[in-house]
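Shown next, in structure tokens, is the structure this report addresses.
The values are calculated or read from the model by the stated rules, or taken from the named source; none is laboratory data. Computed from a predicted model, the values in this text were never measured in an experiment. Neighbour counts run over all protein chains shown; Cβ positions are idealised from the backbone, glycine included. SASA here: full protein model, heavy atoms, side chains in, ligands and nucleic acids out. Shrake-Rupley method; radii C 1.70, N 1.55, O 1.52, S 1.80 Å.
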Amino acid sequence: MTRVFSGIKPTGNVHLGNLLGALVHWVDDQHRADSIYCVVDLHALTVPQDPAELRETTVRLAQLLLAVGLDPEVCTLFVQSHVSAHSELAWLMECTAAFGELSRMTQFKDKSAKSGFVSGGLFTYPALMAADILLYDATHVPVGDDQRQHVELTRDLAERFNARYGATFVIPEATYPRAGARVMDLQDPTSKMSKSEDGAPGTILVLDDPKAIEKKIKRAVTDTEVEVRYDVAAKPGVSNLLSILGAATGRTPDEAAVGYTQYGPLKADTAAAVIELLAPVQARFAELAADPGETQRLLAVGAAKARELADATLARARDQIGLLPPG
Ligand code: TYM
């Protein structure tokens, strides 16, 4: 059986990297496999949050996921903290992970170097992510390229737990899109587009209006040549535009490059493709945003479905590791 699981953090605004690297594939996968998607609010707590803002961002993100095309009748959509098994299994995963392997996570190294306050949660973050995935016996985890190391660690932890305590977890596999797995910043095409760059000219937000999108793509950094070809090392800016155009139109970056001899038309067509991709999402989001109560009702239904699966896996893991059954 194929079971898909993936998650997204409610921090900042959703950008084109999230959409092309992950969300459009979640929408496709829901029709092909039993699919479970999670707004990972506990992961947002690794850095201090404003409580009112976190609540608002969590509901908005769920609405955006519905607007992108997740259908709660087809997939399971829920909020991580509504299913307490995530926190409980995370502890078992922290005790399965070695200090050294958590220290080697590049996202921890990057983020801890940039922030003044480094929480313990930022360090153990990948153990919580492993718990998310393993609780649902996920076989496939659709993510962008930046999550590669975390999914590898999840596999290692699952294998180690199974070897120590007997078969407990399914070993998951990450899946990456053909184009869009690593959408780069338009102003600095050697860094990935990221939420921390909100409002920045290099990040296209899913809710940006057409004018803002045109302006950002028009000003995207390219290079001093004029040749349009996909070559990430030599032409990171142009390659990023081709990757965006390809992902937005269902082609590989090389296929998207065919027929272009100048940067102007490439930029114009990329902007048009992105605007066309986002227009229906923005329209549906506006409708959903008008009724947050309905979103919360859908999330409660999702949490009930998720809880049933997660509790069964947690009970299995507790038993295997030697914890006494409660009551
Ligand atoms: P997050 O919230 O940073 O990002 C959500 C998804 O978007 C992808 N992504 C990108 N893809 C392409 N180009 C980019 N510039 C780009 N930026 C982000 C991410 O790869 C991700 O798929 N740790 C995860 C959330 C998480 C999770 C999980 C994911 C928690 N538990 C379990 C899968 C399974 C994260 O911070 O994603």
Subtracting the Cα-Cα distance of A52 and D146 from 0.36 nm times their residue separation yields 31.0 nm
P(r) of the range 134-231 over all Cα-Cα pairs, 10 Å bins starting at 0, rounded to whole percent, reads 13, 31, 25, 17, 10, 3
Taking R0 as 22 Å and r as the Cβ-Cβ distance between E276 and D71, the FRET efficiency 1/(1 + (r/R0)^6), rounded to the nearest 0.05, comes to 0.55
Among T270, T249, T76, the residue with the largest mean-square fluctuation in a Gaussian network model of the chain built from Cα contacts under 10 Å is T249
Checking M184, M105, M129 against a Gaussian network model of the chain (alpha-carbon springs below 10 Å), the top fluctuating residue turns out to be M105
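Work out, in µm²/s and without decimals, the Stokes-Einstein translational diffusion coefficient of the chain at 4 °C, 1.567 mPa s, Rh from Kirkwood over C-alpha pairs.
63
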Treating every alpha carbon of the range 1-76 as one equal point scatterer without solvent, the Debye formula yields log10 I(q)/I(0) values at q = 0.25 Å⁻¹ of -1.19
One finds, for R316 and E159 with R0 = 25 angstrom and r their Cβ-Cβ distance, a FRET efficiency to the nearest 0.05 of 0.95
With Cα springs under 10 Å, the Gaussian network model of the chain assigns the largest mean-square fluctuation among D28, D137, D208 to D28
Of all DSSP beta bridges having both residues in the chain, the percent classed as antiparallel (nearest 5) is 10
Carbon and sulfur atoms account, in whole percent of the 1.4 Å probe accessible area of the range 210-287, for 57
Percent of all Cα-Cα pairs per 10 Å bin for the range 210-287, counting from 0 up to the last occupied bin, reads 20, 51, 23, 6, 1
For the range 264-325, the Cα convex hull volume per residue in Å³ comes to 147
Probe 1.4 Å, heavy atoms of protein chains only: per residue, the accessible area of the chain in Å² is 46
The extension gain from A233 to A300, computed as 0.36 nm times the residue separation minus the Cα-Cα distance, is 19.5 nm
Plugging the Cβ-Cβ distance of L323 and R219 into 1/(1 + (r/R0)^6) at R0 = 41 Å yields, to the nearest 0.05, a FRET efficiency of 0.15
Taking only the alpha-carbon positions of the range 130-171 as identical scatterers, the Debye log10 I(q)/I(0) at q = 0.16, 0.34 Å⁻¹ comes out as -0.37, -1.27
In nanometres, the difference between 0.36 nm per residue of separation and the alpha-carbon distance of E173 and E308 is 46.3 nm
For V232, the accessible surface traced by a 1.4 Å probe with all protein chains present amounts, in square angstrom to the nearest 10, to 90
For the range 193-249, the convex hull over Cα atoms projects on average to an area in nm² of 4.5
Taking the chain and counting helices only, DSSP H stretches of n ≥ 4 at -39,500 (n - 2.57) each over all residues, the nearest-500 ellipticity at 222 nm comes to -16500 deg cm²/dmol
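Hey, any idea what the orientation-averaged projected area of the convex hull of the range 198-327's Cα atoms comes to, in nm²? Intermediate values should be presented prior to the final figure.
Details: hull surface 53.7 nm².
Result: 13.4 nm².
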